[in-house]
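For reference, the structure is listed below as structure tokens.
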Amino acid sequence: MSIYTSIERLLQYGLQKKLFHEIDKDYVRNQILHVLELEDYEQTSAPEEAEETPVRILKVILDWASENGRLEENTVTHRDLLDTELMGCLAGRPSEVVRDFQDEADKNGIEAATKDFYQFSKDVHYIRTDRVAKNESWFTDTEYGKLEITINLSKPEKDPKEIAAAKLAKQASYPKCLLCKENVGYTGRLNHPARQNLRTLPVSLAGENWHLQFSPYVYYNEHAILLKEEHEPMKITKKTFERLLSFVEQFPHYFLGSNADLPIVGGSILSHDHFQGGNHDFPMAMAEYETTFELNNFPKIRAGIVKWPMSVIRLQGDQAGDLAEAADYIFRKWSGYSDETAGIYAFSGEAPHNTITPIARMRDNLYELDLVLRNNRTNEEHPDGIFHPHKEVHHIKKENIGLIEVMGLAVLPGRLKEELELLAEAMTGSHPEEKIKSDDRIEKHAEWALSIMENHTFTDKNDCLRILKEETGLVFSEILEHAGVYKRDEAGREAFLSFAETL
């Protein structure tokens, strides 16, 4: 297939997805020719059958580019830089995208408008659906309901040469980070992804300018990121609750949450204030009150403790202002609260340890806020964090527990796909203990695997793999319990209620 046929196929795809109009076709074609450094053009036609995604078309073009000197190197990074530039030729200008969103919202409502914008983000290949589809996901039944488990396989592996080249690449301060609004349309470089196909929507929150976009590697339906227009560090304040509640009032079909603002218990990017949200019911949202208590200063607010492995206070009310006041009151109380019997200390010297992970949603026309109590203290026994995955579960996950996982969706490292398969093979073969302990890739799982063998029988490798996945979900439940500041025993419940009494 000639390069010109591939270009026509890409144009056909863009028209089919309504990324541009027929009158724009010559203009878009010329933009693509410029990107591919083609000065001439041969008239050709695309096959009648249209593609549902641009993946196969782009592969052919990228292969051609590699063979014809248009790629400096045929690596994942260089291919991503070029295919993003090509898809940027098909995407409308930001003002056009915003106008289309507003028109759809006015005509069919905000839920239809966000659904369309989500589809647009997939159609322009900003959300790389082909990579997201590689993730492995399942549900595990626990005492807290069904937890969602995902093995993250969507981010492509980079070879050592690419990693080294990115480190050696010239450092730049524009955009300041991956969340800055200046990423829209950015060309990218070896150590910063291209974003010509990124578009964002302006959103006003509590009198401030914010921008809504989707994550390129979505973990759930309409996985949105809301970023502040100004590059400012994350900080939980009363304004945080006002912003969250303002958003769910405007987008009542979405939840919106914030990572905590301290290391260990916070997100991966603390330098730029942002939230994550979307059109998805997480397991924590479906968990019910375990007990309720009165907030004397806020008699119209329903408050209680949620039945969840982490320590969650849920607030409900019909007035956003009252809810923000109550949440700020609890947050300030928690920020300075210590309980030696529960191992909770608010400060080490002047260094703060207590913060929260807040999540907002609308439920039955009421505003709802979940305040997840967090503490980032460490000690000799738990140098990575006392309320953090403990050493005995590091074979499954040792990374921080951020917002998404707090709500009951595990994002587990990609290594587990191969490791669980190898374990299943060893556990259903001869001399399983010897095989597991002699394989560097799965030796870390030995104690866990042998314990599973004592409690289960397997019909074959596939049955063993099914049980290993169930047990992985149960380990995730245990990990969330580690991250909970109040433990799920009688002493923990009494300590949690003691804090509630101070409110």
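The values are calculated or read from the model by the stated rules, or taken from the named source; none is laboratory data. Because the structure is a prediction, the values reported are computed rather than measured. Reconstructed Cβ throughout: ideal geometry from the backbone, glycine too, with neighbour counts over all protein chains shown. Just so you know, the surface numbers come from the protein's heavy atoms only, side chains and all, with ligands and any DNA or RNA stripped out. Shrake-Rupley method; radii C 1.70, N 1.55, O 1.52, S 1.80 Å.
Pulled fully out, how much extra length does the chain show between SER451 and SER271, if you take 0.36 nm times their separation in residues and subtract their Cα-Cα distance?
Numbers: separation 180, 0.36 × 180 = 64.80 nm, distance 4.23 nm.
That pair, SER451 and SER271, stretches by 60.6 nm at full extension.
In the chain, carbon and sulfur make up what percent of the accessible area (probe 1.4 Å)?
On the way: 11010 of 23640 Å².
So the carbon and sulfur contribution to the accessible surface is 47 percent.
What is the distance, in nm, between label points placed 7 Å from the Cα along the Cα-to-Cβ direction at ASN221 and at LYS107?
2.2 nm
In the P(r) worked out for region 9-134, what percent of Cα pairs fall beyond 25 Å?
Working: 2239 of 7875 pairs.
Summing the P(r) tail past 25 Å for region 9-134 gives 28 percent.
Mind giving me the nanometre distance, one decimal, between the label points for LYS437 and GLU208, set 7 Å out from Cα along Cα→Cβ?
5.5 nm
Once you have the Kirkwood Rh of the chain from its Cα pairs, apply Stokes-Einstein at 25 °C and 0.890 mPa s and quote D in µm²/s.
Numbers: Rh = 25.1 Å.
The calculation lands on 98 µm²/s.
Got a sec to turn the phi values of region 488-494 into Karplus ³J(HN,Hα) couplings, 6.51 cos²θ - 1.76 cosθ + 1.60 with θ = phi - 60°, whole Hz, x for Gly and Pro?
8, 10, 4, 5, x, 5, 5
Using 0.36 nm times the number of residues separating TYR345 and ALA491, minus their current alpha carbon distance, what extension gain do you get?
On the way: separation 146, 0.36 × 146 = 52.56 nm, distance 1.69 nm.
Additional length available on full extension: 50.9 nm.
What's the long-distance tail for region 302-351, i.e. % of Cα pairs beyond 15 Å?
Values: 732 of 1225 pairs.
So the portion of pairs separated by more than 15 Å is 60 percent.
If you count, for each residue, the other Cβ atoms within 10 Å and average over each peptide, how do 202-213, 96-107, 6-17 line up from highest to lowest?
On the way: 202-213: 17.1, 96-107: 14.6, 6-17: 20.8.
By packing density, highest mean first, the sequence is 6-17, 202-213, 96-107.
Nearest 10 degrees is fine. How inclined is helix 446-455 to the longest principal axis of the chain, computing both from alpha carbons?
Between helix and principal axis, roughly 70 degrees.
Compute for region 204-335: radius of gyration divided by Kirkwood radius, i.e. Rg/Rh, restricted to C-alpha atoms, rounded to two decimals.
On the way: Rg = 15.0 Å, Rh = 15.8 Å.
Using only Cα positions, Rg/Rh for region 204-335 is 0.95.
Just round it to a whole percent: the fraction of Cα-Cα distances in region 109-231 exceeding 17 Å. Display every interim value, and only then the final one.
Working: 5045 of 7503 pairs.
Here the long-distance tail beyond 17 Å is 67 percent of all Cα pairs in region 109-231.
So what is the relative contact order of region 372-483, in percent, for Cα pairs below 8 Å that sit 6 or more residues apart? Provide the component values of the computation, followed by the final result.
Working: 94 pairs, mean separation 35.0, N = 112.
After rounding, I find 31 percent.
Give the value in nm², to one decimal: projected area of the alpha carbon convex hull of region 360-503, averaged over all directions. All intermediate terms of the calculation are to be shown ahead of the outcome.
On the way: hull surface 47.9 nm².
So the mean shadow area of the Cα hull is 12.0 nm².
What list of ³J(HN,Hα) couplings, whole Hz, do you get for region 460-472 from phi and the Karplus terms 6.51, -1.76, 1.60, once you set θ to phi - 60° and write x for glycine and proline?
6, 4, 5, 5, 5, 5, 4, 5, 4, 5, 4, 5, 4
Just tell me which lysines come within less than 18 Å, Cα to Cα, of LYS155; anything on the same chain fewer than 8 places away is out.
Straight-distance partners of LYS155: LYS59, LYS122, LYS134, LYS397, LYS417.
Just from the alpha-carbon atoms, what are the Rg and Dmax of region 261-334 in angstroms?
Considering region 261-334 through its Cα atoms, Rg and Dmax are 14.2, 37 Å.
With only alpha-carbon atoms in the gyration tensor, what are the semi-axes of the equivalent ellipsoid for region 290-442, in Å, largest first? Working shown, then result.
Details: eigenvalues 317, 85, 27 Å².
Rounded to whole Å, the semi-axes are 40, 21, 12.
Leaving out ligands and nucleic acids, note down the accessible area per residue over region 156-298 with a 1.4 angstrom probe, in whole Å².
Values: 6330 Å² over 143 residues.
Heavy-atom SASA per residue in region 156-298 reads 44 Å².
Pairs to check: LYS17/LYS398; LYS239/LYS300; LYS444/LYS487. Give those whose C-alpha atoms are more than 30 Å from each other in this structure.
Numbers: LYS17/LYS398 41 Å; LYS239/LYS300 21 Å; LYS444/LYS487 26 Å.
Correct reply: LYS17/LYS398.
By per-residue mean of other Cβ atoms within 10 Å, what is the highest-first order of 48-57, 389-398, 257-266, 321-330? Please report the intermediate quantities before stating the final value.
On the way: 48-57: 14.1, 389-398: 16.8, 257-266: 22.3, 321-330: 20.6.
Highest-to-lowest ranking by the protection proxy: 257-266, 321-330, 389-398, 48-57.
Counting only C-alpha contacts under 8 Å and six or more residues apart, can you give the relative contact order of the chain as a whole percent?
Once divided by the residue count of the chain, the mean separation gives 12 percent.
Let me have the relative contact order for region 358-400, percent, based on Cα pairs under 8 Å that are six or more residues apart. All intermediate terms of the calculation are to be shown ahead of the outcome.
Values: 37 pairs, mean separation 9.2, N = 43.
Relative CO of region 358-400 lands at 21 percent.
Determine the gain in length on full extension of the stretch HIS231-ASP63; use 0.36 nm per residue of separation and subtract their C-alpha separation, reporting nm with one decimal.
Numbers: separation 168, 0.36 × 168 = 60.48 nm, distance 3.80 nm.
The HIS231-ASP63 span can extend by a further 56.7 nm.
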